[in-house]
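Below: the structure, in structure tokens.
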Amino acid sequence: MALNLLMLGPPGAGKGTQAERFAQSRGIPKISTGDILREAVQTGTEIGLRAKAIMDRGELVNDEVMIGIVRERLEKKDAANGFVLDGFPRTVAQAAALDGIMAGRDPLIVVDIMVPEEELVRRLSSRMICRSCGHNAPMGHGPVCALCGGELIQRTDDSESVVIDRLKVYHGQSEPLVEYYRVRPTFRAINGAQSPDQVAADLAAAIAAVCAHATRLPGVGTAAPSGVQP
Ligand SMILES: [Zn+2]
């Protein structure tokens, strides 16, 4: 069964790091919307050119174009055996469109990384940034950037009230999305308030459990359309 993984989680949950780590360990691509948008614009595909025109006008790329770009990326050969999707979908409408893109493929495995609000606030408001290269680092990594050796300073935009507002926006957007996926047998929530190694171990275990369960469902692991629909 292809590992078609979708990661959900608030800012500060370590989602990007875990997505990267898992993708590397399984030899599948990590697909984040920022990266593929840039890629499509650079490659100059039809949909990429449409995205560029929108961004050149200073507007946000709409759902239709974003969905087109995700579709194009997921159809590439390197994603045939699986992928880790990070940052898409953000809305239920996008999630429904993604289900359309995934028709006939192995089911999406959806993992929500959960971290208590107080812990997120603590993590986000103590984030450090490199003065030279802009690399982000959590507090407690020492005074020096791991990438370039530059000086780490506290991020000025990460005051506690800014962080709390950011989390409110995230929860408003993500709660309907989590509800959309929660009813599926391929949904798992894991505890993100642990060390990165422990989160990675829980993530791998959750995915193994989904795969063991899903291969017993009809229509999965064959060429037939996925049998896992809500
Ligand atoms: Zn640096």
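The values are calculated or read from the model by the stated rules, or taken from the named source; none is laboratory data. Everything numeric here is computed off the predicted structure, so don't read it as measured data. Virtual Cβ from ideal backbone geometry, glycine too; neighbours counted across all protein chains shown. Surface areas here come from the heavy atoms of the whole protein model, side chains and all, with no ligands, DNA or RNA. Shrake-Rupley method; radii C 1.70, N 1.55, O 1.52, S 1.80 Å.
In the range 176-196, what residues are crowded, with 16+ Cβ neighbours inside 10 Å and closer than 13 Å to Leu108 by Cα?
Of everything in the range 176-196, those that are crowded, with 16+ Cβ neighbours inside 10 Å and closer than 13 Å to Leu108 by Cα turn out to be Tyr180, Tyr181, Arg184, Thr186, Phe187, Arg188.
As an exercise: evaluate Val199 against (1) open to solvent by less than 40 Å² (accessible area, probe 1.4 Å); (2) closer than 21 Å to Asp106 by Cβ; (3) within 19 Å of the chain's Cα centre (by Cα) and give the number of the one condition it does not meet.
Every condition holds for Val199 apart from (2).
When you go through (1) at pLDDT 90 or above; (2) over 21 Å from Gln194 (Cα atoms); (3) open to solvent by 40 Å² or more (accessible area, probe 1.4 Å) one by one for Asp99, which number turns out not to apply?
Among (1) at pLDDT 90 or above; (2) over 21 Å from Gln194 (Cα atoms); (3) open to solvent by 40 Å² or more (accessible area, probe 1.4 Å), the lone unmet condition for Asp99 is (3).
Tell me which of these Val111 doesn't satisfy, since it passes every other one: (1) within 16 Å of the ligand (Cβ to nearest atom); (2) under 30 Å from Thr215 (Cβ atoms); (3) β-branched (Val, Ile, Thr).
(1) is the only condition that Val111 fails.
Going by the structure shown, is Gly192 closer than 15 Å to Pro10 by Cα, more than 16 Å from the ligand (Cβ to nearest atom) and in contact with a Gly (Cβ under 8 Å, 6 or more places away or on another chain)?
It is true that Gly192 is closer than 15 Å to Pro10 by Cα, more than 16 Å from the ligand (Cβ to nearest atom) and in contact with a Gly (Cβ under 8 Å, 6 or more places away or on another chain).
Closer than 23 Å to Gln198 by Cβ, under 11 Å from the mean Cα position of the chain (by Cα) and assigned to a helix (DSSP H, G or I) - does that describe any residue in the range 5-15?
Within the range 5-15, one or more residues are closer than 23 Å to Gln198 by Cβ, under 11 Å from the mean Cα position of the chain (by Cα) and assigned to a helix (DSSP H, G or I).
Collect the residues in the range 44-65 that are open to solvent by 20 Å² or more (accessible area, probe 1.4 Å), of a type in the set (A, V, I, L, M, F, W, C) and assigned to a helix (DSSP H, G or I), keeping them in residue-number order.
Those that are open to solvent by 20 Å² or more (accessible area, probe 1.4 Å), of a type in the set (A, V, I, L, M, F, W, C) and assigned to a helix (DSSP H, G or I): Ile47, Leu49, Ala53, Met55.
Among the residues of the range 116-133, how many are open to solvent by 60 Å² or more (accessible area, probe 1.4 Å) and of a type in the set (Gly, Ala, Ser)?
1
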